[in-house]
There are 6 protein chains.
Amino acid sequence: MLDRAAYIGGCDGVSTVLGAESLAERHSGTMPHSLALILGDTVKAAQSFDKRLPSEVPRIVLVDTFGDEKVESLRVAQALGKRLHGVRLDTPSSRRGDIRKIVEELRWELDLRGFQHVRIYVSGGLDEPQVAALEDILDGFGIGTSLSNAPVLDFAADIVEIEGKPIAKKGKFSGRKQALRCEKGHPVKPIPWVARSPGACPLCGAKVFGVLQTLLKNGKLLDALPSPQAIRKYVLSQLPAFAL
Amino acid sequence: MLDRAAYIGGCDGVSTVLGAESLAERHSGTMPHSLALILGDTVKAAQSFDKRLPSEVPRIVLVDTFGDEKVESLRVAQALGKRLHGVRLDTPSSRRGDIRKIVEELRWELDLRGFQHVRIYVSGGLDEPQVAALEDILDGFGIGTSLSNAPVLDFAADIVEIEGKPIAKKGKFSGRKQALRCEKGHPVKPIPWVARSPGACPLCGAKVFGVLQTLLKNGKLLDALPSPQAIRKYVLSQLPAFAL
Amino acid sequence: MLDRAAYIGGCDGVSTVLGAESLAERHSGTMPHSLALILGDTVKAAQSFDKRLPSEVPRIVLVDTFGDEKVESLRVAQALGKRLHGVRLDTPSSRRGDIRKIVEELRWELDLRGFQHVRIYVSGGLDEPQVAALEDILDGFGIGTSLSNAPVLDFAADIVEIEGKPIAKKGKFSGRKQALRCEKGHPVKPIPWVARSPGACPLCGAKVFGVLQTLLKNGKLLDALPSPQAIRKYVLSQLPAFAL
Amino acid sequence: MLDRAAYIGGCDGVSTVLGAESLAERHSGTMPHSLALILGDTVKAAQSFDKRLPSEVPRIVLVDTFGDEKVESLRVAQALGKRLHGVRLDTPSSRRGDIRKIVEELRWELDLRGFQHVRIYVSGGLDEPQVAALEDILDGFGIGTSLSNAPVLDFAADIVEIEGKPIAKKGKFSGRKQALRCEKGHPVKPIPWVARSPGACPLCGAKVFGVLQTLLKNGKLLDALPSPQAIRKYVLSQLPAFAL
Amino acid sequence: MLDRAAYIGGCDGVSTVLGAESLAERHSGTMPHSLALILGDTVKAAQSFDKRLPSEVPRIVLVDTFGDEKVESLRVAQALGKRLHGVRLDTPSSRRGDIRKIVEELRWELDLRGFQHVRIYVSGGLDEPQVAALEDILDGFGIGTSLSNAPVLDFAADIVEIEGKPIAKKGKFSGRKQALRCEKGHPVKPIPWVARSPGACPLCGAKVFGVLQTLLKNGKLLDALPSPQAIRKYVLSQLPAFAL
Amino acid sequence: MLDRAAYIGGCDGVSTVLGAESLAERHSGTMPHSLALILGDTVKAAQSFDKRLPSEVPRIVLVDTFGDEKVESLRVAQALGKRLHGVRLDTPSSRRGDIRKIVEELRWELDLRGFQHVRIYVSGGLDEPQVAALEDILDGFGIGTSLSNAPVLDFAADIVEIEGKPIAKKGKFSGRKQALRCEKGHPVKPIPWVARSPGACPLCGAKVFGVLQTLLKNGKLLDALPSPQAIRKYVLSQLPAFAL
């Protein structure tokens, strides 16, 4: 469920096998810490990963297991050369004084030695502001915790109409309503069901249409639901309407 | 799941039929808004509720549907008299300027007319600080939203020992550990598995014991899990250790 | 005195008989709470008010005495129909969680049932920011407390010139001065009485003139003072100069 | 009216002739700035004041007119010697960087030269926190502006009972009430008029009594009102009950 | 050292004899407080200063020793007339409630009496924000304390390259670097020494050049260092590049 | 000068040769980063340091040059065993997310492997609050920047007495004074020189004495100045009087 929500919300890929299957996508990821811990050295782990995995899997090596991210990255780059796709910094919080400075220093050192092709990924407890603050110097992010839950949306299933007559508890707007959106995706206030015309979008002037559809009838689904790929595409197409 | 978590966390009862069954408890609750909306009047709804429900169900009447909580409560109290167990204020936020003052006023008016036996309950978007601020003047609370989710606990399943040798990623304490608690419930820092004695609780001096138990062996549960009632009792017995 | 100050400061009307007489205006107002309290019901009070008052008095009915503003307003609107000029919400602070939402909900319910002609007024402890925050959805305001006093203007009657010679306590500018204002109403710093030309307004470049006039001579008023209506008109004409 | 309110609130004296007469007290005060401005020098003004005023008037000389408070005070002290009762600093705000330091410096300089008997008074825009912050080093204060107005007490004359039956608008406690205070002056919550016993003070346990008295009957005052001196004494006797 | 740093940083002059000599400038300043204290009066001190000092020294008189700045300034202006160049307010903090108001009042009083030529200087614990807040109404400032120290610049002399091979401690960028600035003075990030072209300024597009020069060779200075006057000129020419 | 100030202020030792000589103390310190950079490996650097330095120099090894502090410390501890006195963490700020957690983890790992004797030192931009927050888990600190400057003490050399007569600028207390301190080191307000008795300490009641001494007479030093060791001892003996 988490993988599906992350994917249709716009993430590029998911890492669990089951989640990827449910989306009809391939799972993706990087070398795990356990490989380095078992082999006892980051370079040995990188070489073993490089030797045994299918060639279409990009070689992304974790560089925060034993040593400093800078030194380990340079050792791995020298060992794998052009075959190294990228390094991933899962730096623990106790060592993460200024992750931006660490990435800038790493980029400098890689470039100075001719490893401009090595990409840098960061993971580990990143949230929205951190991603926004780092995206100009990074090639990708691995996000877990901050995608694994969401704030509760407080709602109630209130009665607003009885046998065609609008009636509601105080504090609720009575009567059946049309839920509206404009063609450019802006939210529009609902209007009574009986209102003749939904008018134009107060924000952009575009045409407004009702979004309520009958999906179930007598307990039967009337139509196939869209694929995760279609939902994700729709979400991404709507994002510009929510930008500041 | 939500009902179970709320119950073992200390709540007195739950309102869904399924949740109560899973706990082997009776579900409990009050008159719903829909009854008043369908019958068109709070007093009629209260009388209908009173007439048809088994006598062991406490008569708790919602008084925020149509009118003001004070006027509706007095009307209901005059209609049901001694049979009225309590009133419930689910006042919407737009009318909730100072819920404490509303309750104090309602208590005054009920008492002034001889309805000292009528209890007052409040529900609707209450959180911990609000419950703490109102508990001295109320007889109970109905809590929904703020119990229906919990903040994510960020954790990782790290390797800390390989074939008896402590080894861990930087940022993690290596080696198998004993998880400890003192007899009075205070949390105690973990120590290495091989350490001889867990010592005494640094907070209260009580005896410390390891809390790790083998629950599964070869995929089989070794023992029956405790009942929700037993877990709830244990939780409540531990609460004093967490008070300030 | 308060009515006069409120009126010349721009208010549309005043409610006390004495205050209105001193201004040569008609007092105005709405149904009082006492009418509903004595008759025991808001609709009865509205009907009695409607039956007995001269037809030129607008029917504005208080809807916060016993019930919720929404329910009471709909009952009154159904009883008086087209003769209902408006409803007034004097909602007490303990029930005023979000007065804007209450008004929006009330507007929705009135419109839904064809009562678009019913105006909505709010009173009760409103101050400047609240009026500014509500004026787009309301038809008028009843203001009391926040007009019934004003912050003290700290001033002293200091000697600044003795027999034509400027002399003043330290901390005061010595010498007789010209008090100035520009033709568009902007305040202009005073200059010495003997200064030849007051120059142009530093804010807008308009002509500047001295505002000091001799009103009393040998204890006699030289001219009739302007009427409250004239002062109010002058105040309103100056307001644009103080807008941000 | 202002003088009376200040006096019964605990002030030691008032400075206007009319205010003092209405209290059957003597007005009191110090040399004005105008005397120094007309005579052109603080010492000349002090000597003139000393020469012409009745001997029972304390010689308190304003020392902020022309020069620095320190230098002027020393000049006046040398001129009047033992006859100088005190100096008053009405230092304007533009020169009042740290009035406490000015007073400490002045006290030092007066004491160093043998003028320990000269008292120091401060006036000019002082409010409660400033008085509290200075009272340990000063002999008295002259207060004007901060006593010349008071915040509005928001109240309404609501109907709470009709022909013996409690009834009130929502938001108001219905029924006639006893207003209570404990014998030590603590405020106590009102109780219904018909309640049998007011009980003991919840703060200190002292006896509680009703404070409502019939003062007017058929338009006639039943008893003489207390003198300002008696009211002031009562106020001062109650102050300890309001201390933190 | 302090005088030199202040001068090359843009100050107009310095007041110590030694500091001025080291800069090959004339020291400058005003009458000291000791002159007024010894002669016992500000006007006597001003007249003595005027009588004995070479005519090219501007007559700037301290007016805060004994009396108020306003009264003393007028006395001095009347005594010295056209020969008075300016007055200096070294008002102590305990008398400095609003130095801007004191200066405005003083300017008013001087102008009112025909002393438009008298300049006003302020000294005494001024810092950058105070200078910025007063510069529109003053003719100059005397700055001491806030120029007599500077925040520590934290730096370390790290090894970044050994025998032509870049190597550095983690946290430091390795390799010899070019320090760059653009022709308009903007700071530009350093680049590796071996990089071919420094490119253009990212802020303004101007040409970028390396600023490192060989000053010492075999322990010998290769060129004469610039004069303080040249450094100061260079500093002032760069200031616009740092403005917001 | 900096070393002397740090030493007499209570530091245990200084690291520059010249500073130590001026104090007649031995300089002390740890292995530098350059040693590890030149030899290319922390363990090699530690072994070389151990092999060549006199045995009385404690072996304190820098562990932040190339790798993570935890991994490097364990490698060094295994290489030097009992001869390792301690490790020093000069962790750069970009890697210093939570230095307390790093030290706790390091202590855990060292203890787990039997290296309880290895001390942990931290250096690098530490200030007073950081030292206070870490002192319970550390064996020592290396402090540089925050000891290399001090806030300016604003003072002026004012004339306060001329030929035995107290006279001072406004804002200054006139007259020669006794500077006082109580026997327990508390600061006591100065009193006039001619005052008979300094009285007792207002804070603790101890005896008060004057601290002014004649050190120079006719340009000659009357007595030898105390040694840095004596001053440091005096400072440390006074510290308790300044504790909260």
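The values are calculated or read from the model by the stated rules, or taken from the named source; none is laboratory data. Source: prediction; values computed, not measured. Neighbour counts run over all protein chains shown; Cβ positions are idealised from the backbone, glycine included. For accessibility, only protein heavy atoms count, side chains too; no ligands or nucleic acids. Shrake-Rupley method; radii C 1.70, N 1.55, O 1.52, S 1.80 Å.
A few comments on the model shown:
- Whole-number accessible area per residue in Å² for segment D:167-244, which is evaluated in the context of all protein chains at 1.4 Å: 73
- Point-charge dipole on Cβ atoms (K/R +1, D/E -1) for segment D:85-133, about Cα centre, debye to 20: 140
- Relative contact order, percent, chain A [alpha-carbon distance under 8 Å, six or more residues apart]: 14
- Kirkwood Rh, Cα atoms: Rg over Rh of segment C:49-127: 0.96
- Charge dipole (segment F:49-204, unit charges on Cβ, about Cα centre) - positive-most of F:P192, F:I162, F:L134: F:I162
- Amide H contacts of F:I162: F:I167, each under 5 Å away and 5 or more positions distant or on a separate chain (H built 1.01 Å from N in the peptide plane; Pro and chain starts excluded).
- In this Cβ point-charge picture (+1 for Lys and Arg, -1 for Asp and Glu), chain D has a dipole of about 1020 debye about its Cα centre.
- Neighbouring partner chain Cβ atoms per residue of A:63-76, average, 10 Å criterion: 5
- Taking max minus min of the alpha-carbon positions on each principal axis, segment D:1-61 gives extents of 37, 22, 17 Å, largest first.
- Estimated translational D of segment D:150-196 in µm²/s (Stokes, Kirkwood radius over Cα pairs; 37 °C; 0.692 mPa s): 262
- Rounded FRET efficiency, nearest 0.05, which uses the C-beta distance separating D:S22 from C:E25 and R0 of 35 Å: 0.50
- The rotation axis bringing chain A onto chain B passes closest to the chain A residue reported with its distance as A:N149, 4, by C-beta distance in whole Å.
- Cβ-derived FRET efficiency at R0 22 Å, C:F155 paired with C:E183, nearest 0.05: 0.25
- Computed log₁₀ I(q)/I(0) - Debye formula, equal Cα scatterers, no solvent, segment C:103-172, q 0.12 Å⁻¹: -0.55
- Here chain A has 57 percent of its accessible surface on carbon and sulfur atoms, given a 1.4 Å probe and all protein chains in place.
- P(r) histogram, all alpha-carbon pairs of segment D:111-244 included - 5 Å bins from 0, percent: 2, 7, 9, 11, 15, 16, 12, 10, 7, 5, 3, 2, 1, 1, 0, 0
- Exam field: A:K165 pseudo-label spacings to other copies (7 Å along Cα-Cβ), nanometres: 2.9, 8.2, 9.2, 9.2, 10.3
- Within the listed set F:A79, F:A150, F:A206, the Gaussian network model of chain F (springs between alpha-carbon atoms below 10 Å) gives the highest mean-square fluctuation for F:A150.
- Other residues whose C-beta falls under 15 angstrom from the C-beta of E:D12 contribute a net charge of +2, scoring Lys and Arg +1 and Asp and Glu -1.
- Signed unit charges on C-beta, dipole axis of segment B:17-176, positive-most listed residue B:L39, B:V118, B:I60: B:L39
- Among D:S73, D:S123, D:S174: highest mean-square fluctuation, GNM of chain D, C-alpha pairs under 10 Å: D:S174
- For segment E:1-105, the equivalent ellipsoid built from the Cα gyration tensor has semi-axes of 26, 18, 12 Å, listed from largest to smallest.
- Of C:K51/D:K172; C:K170/D:K70; E:K165/F:K44; C:K170/D:K101; B:K177/B:K207; C:K70/D:K170, those spanning more than 22 Å from alpha-carbon to alpha-carbon: C:K51/D:K172
- Lys/Arg +1, Asp/Glu -1 at C-beta; segment D:1-146 dipole; positive extreme among D:T145, D:L2, D:T16: D:T16
- The mean sequence distance of close C-alpha pairs (under 8 Å, at least 6 residues apart), as a share of the length of segment D:134-244, puts its relative contact order at 16 percent.
- Convex hull volume of the Cα atoms of the protein assembly as shown, normalised per residue: 317 Å³.
- Converting phi to 3J(HN,Hα) with the Karplus coefficients 6.51, -1.76 and 1.60 and the offset θ = phi - 60°, segment D:16-29 yields 8, 5, 5, x, 5, 4, 5, 9, 6, 10, 8, 6, 9, x Hz in sequence order, with x at every glycine or proline.
- For the segment A:30-37, counting C-beta atoms of other chains within 10 Å of every residue's C-beta and taking the mean gives 3.
- P(r), alpha carbons of chain A - 10 Å bins starting at zero, rounded %: 6, 21, 26, 19, 12, 11, 5, 1
- Here the contact order of segment A:9-58, divided by its residue count and restricted to Cα pairs under 8 Å and six or more residues apart, works out to 22 percent.
- Integer Hz, Karplus 6.51/-1.76/1.60 couplings in order for segment A:206-214, x for Gly and Pro: 6, 5, 10, 9, x, 9, 6, 10, 7
- Fluctuation leader among D:R95, D:R196, D:R59 - chain D, Gaussian network, Cα springs under 10 angstrom: D:R196
- Take the accessible area of chain B alone and of chain A alone, subtract that of the pair, and you get about 2300 Å² summed over both chains, using a 1.4 Å probe.
- Here the dipole of the protein assembly as shown is about 0 debye; that uses its Cα centre as origin and unit charges on the Cβ of Lys and Arg (positive) and Asp and Glu (negative).
- Across the identical copies, the 7 Å label point of E:R83, projected outward along Cα→Cβ, sits 4.1, 8.5, 9.5, 9.6, 11.0 nm from its counterparts, in ascending order.
- Average other protein chain Cβ within 10 Å of Cβ, residues C:96-103: 5
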